[in-house]
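Structure record follows, encoded as structure tokens.
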Amino acid sequence: MRYIAIVVLFLLLIPNTNGVKSIAPVVDEIEISQEDVNCLAKNIYYEAPAEPYLGKLAVATVTMNRVRHPGFPKTVCDVVYQRNSRGCQFSWTCGPKARFNNNLYNQSVEIAKKVLTTNIKVVSLDNALYFHNTKVKPNWSFARPVVQIGGHIFYEPIT
């Protein structure tokens with residue numbers, strides 16, 4: 001099944017130490033597949049199962065930033081399942097998966113649909129392409145931290 005959506009961009013306003021970023025409505029027509037919804041929902045679910053709404057939305061924002069970035073694949077599923085020389089971009093695609101919870105997964109599906117059909121996102125993550133759980137400490141010299149949301153730290157590339 002394919003969806004055609006008229007997209008009106010409403011950005012989630014996130015207060016930060018610099019104040020609140022502004023919003024700019026944009027209208028566009030895009031085609032969204034059920035496969036896109038499923039891949040984004042799985043990435044939200046497995047990367048941020050216990051996170052509140054904002055944490056789940058942040059994971060979706062980074063995923064979609066990658067889809068739009070020239071250094072990454074051009075589809076949601078290709079971004080989610082991308083591999084590199086060190087393994088998988090998202091650890092759950094190569095390793096064991098968390099115990100499945102239908103309610104949490106359904107929340108992830110709803111967020112994925114909203115992200116794909118309305119382009120809602122976390123504004124302060126406009127340039128973020130990476131994140132990791134606070135339980136790990138990667139040595140990423142190619143990126144700088146932007147913000148911590150829940151149990152994840154989000155990064156943008158150093159240009």
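The values are calculated or read from the model by the stated rules, or taken from the named source; none is laboratory data. All figures in this text were calculated on a predicted structure; none of them were measured in a lab. Cβ atoms come from the backbone with ideal geometry, glycine included; neighbour counts cover every protein chain shown.
Among the listed residues Val115, Val123, which satisfies the condition of being in contact (Cβ under 8 Å) with a residue 60 or more places away in the chain, under 14 Å from the mean Cα position of the chain (by Cα) and surrounded by 20 or more Cβ atoms within 10 Å (Cβ to Cβ)? Before the answer, list the steps.
On the way: Val123 fails: surrounded by 20 or more Cβ atoms within 10 Å (Cβ to Cβ).
Residue meeting the stated conditions: Val115.
Out of the residues in region 127-159 that are of a type in the set (D, E, K, R) and under 18 Å from Asn65 (Cα atoms), which is farthest from the chain's Cα centre (by Cα)?
Initially, region 127-159 is screened for residues of a type in the set (D, E, K, R), giving 135, 137, 144, 156.
Applying the additional criterion that residues be under 18 Å from Asn65 (Cα atoms) yields 144, 156.
Details: Arg144: 17, Glu156: 13 Å.
Per the criteria, the residue is Arg144.
Kindly indicate which of Tyr45, Tyr105 is in contact with a Leu (Cβ under 8 Å, 6 or more places away or on another chain), assigned to a helix (DSSP H, G or I) and either hydrophobic (A, V, I, L, M, F, W, C) or over 22 Å from Val146 (Cβ atoms) (or both).
Values: Tyr105 fails: in contact with a Leu (Cβ under 8 Å, 6 or more places away or on another chain).
Matching residue, one of Tyr45, Tyr105: Tyr45.
Output the number of residues of region 125-149 satisfying the condition of being small (Gly, Ala, Ser) and modelled with pLDDT under 95. Even if it seems obvious, please write down each step before you answer.
In the first step, residues of region 125-149 are kept if they are small (Gly, Ala, Ser); the result is 128, 141, 143.
If we keep only those that are modelled with pLDDT under 95 as well, we get 141.
Selection size over region 125-149: 1.
Just to verify a result, which residue in region 59-95, among those that are touching a Phe, Trp or Tyr at 6+ places or on another chain (Cβ under 6 Å) and of a type outside the set (Val, Ile, Thr), is nearest to Lys135 (Cα to Cα)?
So, considering only residues that are touching a Phe, Trp or Tyr at 6+ places or on another chain (Cβ under 6 Å) and of a type outside the set (Val, Ile, Thr), the one nearest to Lys135 (Cα to Cα) is Trp92.
Give me the residue from region 117-131 that is of a type outside the set (Val, Ile, Thr) and outside any loop (DSSP other than H, G, I, E, B) and, out of that set, farthest from Phe154 (Cα to Cα). Explain how you work it out, then say what you get.
Going residue by residue through region 117-131, those that are of a type outside the set (Val, Ile, Thr) are 119, 121, 124-131.
Then drop every residue that is not outside any loop (DSSP other than H, G, I, E, B), which leaves 124-125, 130-131.
On the way: Ser124: 10, Leu125: 8, Tyr130: 6, Phe131: 4 Å.
Taking the candidates together, the pick is Ser124.
Would you check which residues across region 64-96 are at pLDDT below 95 and either β-branched (Val, Ile, Thr) or part of a helix (DSSP H, G or I) (or both) and list them?
Listed by number, the residues that qualify are Ser91, Trp92, Thr93.
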